[in-house]
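Have a look at the structure below before the remarks.
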Amino acid sequence: MKIELPPLIAAYFEADKNGDAGRVAECFAVDAVVKDGGHTYNGRNAIADWKAVSDKKFTYSCTPIKIDHHDDKDIVTGHLVGDFPGSPVDLRFIFKLEGDKITDLEIIP
């Protein structure tokens with residue numbers, strides 16, 4: 001089932017699918033924050049490094065399967081399959097958008 005994502009979130013998932021850490025980072029505000037796997041990444045450069053390291057460490061695909069809106073956040077459930085421990089898994093990507101950039105992203109089970 002295909003879901004309709006806001007354009008900026010769709011761009012994030014498309015860049016992630018293509019393994020393009022630079023394009024992923026461009027989706028974020030300069031001072032954005034990402035929380036993933038117990039770590040916090042502050043700023044676009046740290047976010048690009050986070051994606052580049054993740055992409056080298058694991059091969060995976062992520063398919064958005066559900067979107068909810070709560071307060072000022074978009075919560076996308078993504079189904080991840082790959083060569084990482086615990087695969088497959090459904091994770092929630094909690095996005096906060098401001099204008100044409102992501103300002104916050106938290107990825108949790």
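Quick note: the coordinates plus some simple rules give every number you see, no bench work behind them. This is a predicted model, so every value here is computed, not measured. Note that we place each Cβ from the backbone using ideal geometry, even for glycine, and neighbour counts take in every protein chain shown.
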Quiz item: Mind checking which residues of segment 60-87 are within 15 Å of the chain's Cα centre (by Cα) and of a type in the set (Ser, Thr, Tyr)?
Solution: 60, 61, 63, 77
Exercise. For residues that are touching a residue at least 12 places away in the same chain (Cβ under 8 Å) and over 19 Å from residue 17 (Cα atoms), scanning just segment 80-98, find the one that is surrounded by the fewest Cβ atoms within 10 Å (Cβ to Cβ).
Key: 98
Practice problem: Pick out the one residue from 56, 2 that is surrounded by fewer than 16 Cβ atoms within 10 Å (Cβ to Cβ), of a type in the set (Lys, Arg), assigned to a helix (DSSP H, G or I) and more than 14 Å from the chain's Cα centre (by Cα). | Solution: 56
Quiz item: Just for segment 5-38: of the residues that are part of a helix (DSSP H, G or I) and among the aliphatic types (A, V, I, L, M), which one is surrounded by the most Cβ atoms within 10 Å (Cβ to Cβ)?
Solution: 24
Exercise. Take segment 39-53 and flag every residue that is surrounded by 15 or more Cβ atoms within 10 Å (Cβ to Cβ) and outside any helix (DSSP H, G or I).
Key: 41, 43
